[in-house]
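I have placed the structure first, in the form of structure tokens, so that the comments after it can refer back to it.
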Amino acid sequence: MDVRSLAIVPFENLAGNTIQATVDGFTQDLATNLGTMAPLRIPPVSMARSKQTDAEEIVREMNTDAVLRGTVSQSQGQFRIEIDSHTHGNEAPLIEEGFQRREIGVGEIGV
């Protein structure tokens, strides 16, 4: 299926309130970066519903071809991000992927 529009649901924070701003940042950065890929249309993340909502319902409500959802957890100085994406009318995921990265301190960010 050719995906021309993608709803991105705010990522679910599995680590607790201490990293909520980081989780929101991951979601927004992903939406911003994917939004630069013409001709992919991405509605504002704030319009999408929670992860608990059925993927097919999100696709219908957002009028998109697919939905991308994710979770973020944190353990022993590592962030773990899990994502999955479903297309309209297809129960099998388009993408199922996990990523793990170590945390970095403000002093380690190159400016």
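Any idea which residue in the stretch 55-81 is surrounded by the fewest Cβ atoms within 10 Å (Cβ to Cβ), counting only those that are among the basic types (Lys, Arg) and touching a His at 6+ places or on another chain (Cβ under 9 Å)? Quick ask: steps written out before the conclusion?
Filtering the stretch 55-81 down to residues among the basic types (Lys, Arg) leaves 60, 69, 80.
From the residues that got through so far, the ones that are touching a His at 6+ places or on another chain (Cβ under 9 Å) too are 60, 69.
Numbers: ARG60: 12, ARG69: 24.
Among those that are among the basic types (Lys, Arg) and touching a His at 6+ places or on another chain (Cβ under 9 Å), it is ARG60.
Under the condition of being in contact with a Leu (Cβ under 8 Å, 6 or more places away or on another chain) and surrounded by fewer than 15 Cβ atoms within 10 Å (Cβ to Cβ), which residue from the stretch 1-35 is nearest to GLU61 (Cα to Cα)?
Selected residue: ARG4.
Could you please give the count of residues in the stretch 57-100 that are of a type outside the set (A, V, I, L, M), outside any strand (DSSP E or B) and modelled with pLDDT under 80?
Qualifying residue count for the region: 6.
Can you name the residue in the stretch 1-55 that is among the aliphatic types (A, V, I, L, M), more than 12 Å from ARG69 (Cα to Cα) and part of a loop (DSSP other than H, G, I, E, B) and is also nearest to the chain's Cα centre (by Cα) among such residues?
Only one residue tops the list, namely ILE42.
The values are calculated or read from the model by the stated rules, or taken from the named source; none is laboratory data. As the structure is a prediction and not an experimental result, all values here were calculated from the model. Cβ atoms come from the backbone with ideal geometry, glycine included; neighbour counts cover every protein chain shown.
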